[in-house]
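Visitor: Quick one: the structure is below, and I'll ask about it shortly.
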Amino acid sequence: MKTLFIALRAVLFSTGFIFLWGWVALNLHRRYDTTFGLAFSGWTPALGIVLMAAGGTLAFACVAMFVTRGEGTPAPMDPPRRLVAAGPYQFVRNPMYIGGFLALAGFGLYEQSPAILFFALPWLLLVHLFVIFYEEPHLRTTFGSPYDAYCCSVRRWLPRR
């Protein structure tokens with residue numbers, strides 16, 4: 001029952017997060033795409049669907065790990081109670097953000113929207129700064145030496161060979 005309640009909170013937060021960034025992306029698309037005047041090939045929507053599916057699957061796997069292994073959600077106000085180093089987190093420390101970036105870039109390709117694609121890059125920069133200045137110090141304080149060991153063995157954005 002406890003896991004079900006955590007899962008419901010995670011679904012609620014994740015849905016809100018998706019709608020927020022989708023709303024921002026669509027507003028950028030509607031407002032700025034005519035000013036760029038870029039044309040896309042006919043194959044970009046198909047690639048966009050693939051990227052959205054890959055990013056969404058990765059993000060969903062991360063949320064599932066937070067619920068089952070971490071006993072928490074992706075929400076900063078309801079974080080995991082245990083360090084999650086399984087699933088996608090065994091390869092990179094921030095797979096949920098990578099999934100979000102892939103989904104956002106895929107949405108830009110699907111919509112054939114230069115505004116969304118241009119927005120995805122500063123979004124990634126903001127996420128990177130959030131990770132460095134808030135998330136990692138908070139996790140270091142919360143989990144201590146196990147988190148330090150995790151950081152030594154798993155890279156932030158790109159998996160080791």
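The values are calculated or read from the model by the stated rules, or taken from the named source; none is laboratory data. Worth saying up front: this structure is predicted, and the values here are computed from it rather than measured. Positions of Cβ are backbone-derived with ideal geometry, glycine not excepted, and every protein chain shown enters the neighbour counts. Ligands, DNA and RNA are excluded from the accessible area calculation, which covers all protein heavy atoms including side chains. Shrake-Rupley method; radii C 1.70, N 1.55, O 1.52, S 1.80 Å.
Visitor: At 20 °C and 1.002 mPa s, grab the translational diffusion coefficient of segment 58-102 from Stokes-Einstein with a Kirkwood Rh over Cα pairs, rounded to a whole number in µm² per second.
Guide: 210
Visitor: Using the alpha-carbon atoms, what tilt in degrees (0 to 90, nearest 10) does helix 95-110 show relative to the longest principal axis of the chain?
Guide: Tilt relative to the chain: about 10 degrees.
Visitor: For the chain, calculate the relative contact order in percent as a whole number, restricting contacts to Cα pairs under 8 Å that are 6 or more residues apart.
Guide: For the chain, the relative contact order is 28 percent.
Visitor: With the full set of protein chains in place, find how many percent of the accessible area of the chain is carbon and sulfur; take the probe as 1.4 Å.
Guide: So the carbon and sulfur contribution to the accessible surface is 72 percent.
Visitor: Sort 51-59, 139-147 for me by packing, meaning the mean count of neighbouring Cβ atoms within 10 Å per residue, highest on top.
Guide: Highest to lowest by the protection proxy: 51-59, 139-147.
Visitor: Right, another one. Just to confirm, what accessible area per residue do you get for segment 68-111 at 1.4 Å probe, in whole Å²?
Guide: 43
Visitor: Sticking with this structure for a sec: Using a Gaussian network model on the chain with a 10 Å cutoff between Cα atoms, which of Gly106, Gly42, Gly70 fluctuates the most?
Guide: Between Gly106, Gly42, Gly70, it is Gly42 that shows the largest mean-square fluctuation.
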